[in-house]
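Below is one structure, written out as structure tokens; the observations come after it.
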Amino acid sequence: AEVIQQATSASAFDGELMRNINQSTGKFGKQSLDVANKVCEGLAAMLKNARDYAMCACTDLENPGSDGRGGSSRPKPGWALWCLRPAVAFRPVANEALCVILTSGTLSPTDSLEGELGVAFPIKVEAPHIIPRGQLHVEASAALGDFTRAVQDSDKMPHQLGTLLLRYAPMVPGGMLVFLPRYSLISRVMDEWGRSGMLRQLEAHKTVVVEEPGAQTLQGTMDEFKASIESGKGGLFLAVYRGKVSEGLDFKDDNARAVFCVGIPFPSLGDVKVKLKREYNSHPDSRTSGMLSGGEWYQHQAFRAYNQALGRCIRHQHDYACIFLVDARFCMHNEAAHNRSMVSKWMRNFVQYFTHPQESRGTVKEFFERHRENPPAPPLRPATFSSAARAAPPAALMEVSAAGVGVGARGWGKGPVAMQLEAAADDTLVHVGNFA
């Protein structure tokens, strides 16, 4: 431990060795010293929180949790050091801070936050969406059955998926986003569509583009998709859960008038990190500290990724879209009520299920016709806190207006606060500070 502490100090960004590098070479050696410092800090944290870490020999550091299949063509073997509990990093921050506020539209499900972060959140706010109910259509579809791994690998799945999308493509304006669990599944679907002629039928209504692994091709794919939207034809974007498209991009207005979330994205049980985390959470010490069991954590990870994908559309208060939960486990199923309860609050109570496809098509067609004839008004200027609100005494101020949601925090004292704003990012105003 003493050696690691000395090495950490020696390799620190503001240490003497770094100053000498800056004065002499200016650049050479900086990267190596930075890597050495990160390694030392990781080892120091592991020694301090030994039970919360796992060290693993990997066949490929670029894909450390895999079983060695499907990785890069030039694997880089080495050692991986994984922290299995976020509290190791978060708890020191929470202990020093006067107040901590977490805000996100995709914190759901929230049950695991306190246990994982190692602190209690005395105040939780889970707000509804800012859009009127009529601007959102949410539907559960059993067209592909229980979308388990066996169904995903079946020969008839690509045709069934294509048939489902063809049912709505002619009536959906602009873009359609389709999320699937794996890149390999997208490749198989596209190959089968090409052989069967399904791709040609879809292309008659929408330009079909796919997300590929890595970030190199993303910009070109996005440009092609947006060009199809601007041309008036519209696009159909096949993407994966936990990818760049599902978690980091904004598809407002015509860029996403329909989102199809196919299956529930449970993490791979073959991933070493997933196995270790499930074992860690199920350990008696972890359960005593308030953490979810390994099985519960596993399910929460699936629905957190699911909610991220669902949130790609409806990005401001005048937006509108249809969202499809494509899995029989959201329909007439013994797990349906539980699964629906795991999706974000702003849509969970609006989920519909139609037994006949024609009934669904008619409802969706009427939805878009209504918005084409009477589109929502253009965005207004964001509202601000009035002078009366500034002088108000409550500990937490919440203003809900036509322009969005504003949340202010004052005088809460020491301790974290979890706040979930189930509102579109473009119209969510978060104010933190003293408004008096």
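Readers should treat all values here as calculations from the given coordinates under stated rules, not as data from a laboratory. All values reported here derive from a predicted model rather than from experimental measurement. In this analysis, Cβ positions are derived from the backbone assuming ideal geometry, glycine residues included, and neighbour counts consider all displayed protein chains.
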Among the listed pairs LYS244/LYS273; LYS252/LYS273; LYS76/LYS273; LYS233/LYS365; LYS76/LYS277; LYS156/LYS275, which are separated by more than 28 Å between their Cα atoms?
-> LYS252/LYS273; LYS156/LYS275
For the pair LYS124 and GLN201, what calculated FRET efficiency results from E = 1/(1 + (r/R0)^6), where r is the Cβ-Cβ distance and R0 = 51 Å, to the nearest 0.05?
-> 0.60
Between ASP146 and TRP79, how many nm apart are label points set 7 Å from Cα along the C-beta direction?
-> 4.3
Put a dot 7 Å past each Cα toward the Cβ at GLU16 and GLU96; how far apart are the dots in nm?
-> 2.5
Roughly how big is the range 176-266's charge dipole about its Cα centre, with Cβ charges of +1 (Lys, Arg) and -1 (Asp, Glu), in debye to the nearest 20?
-> 240
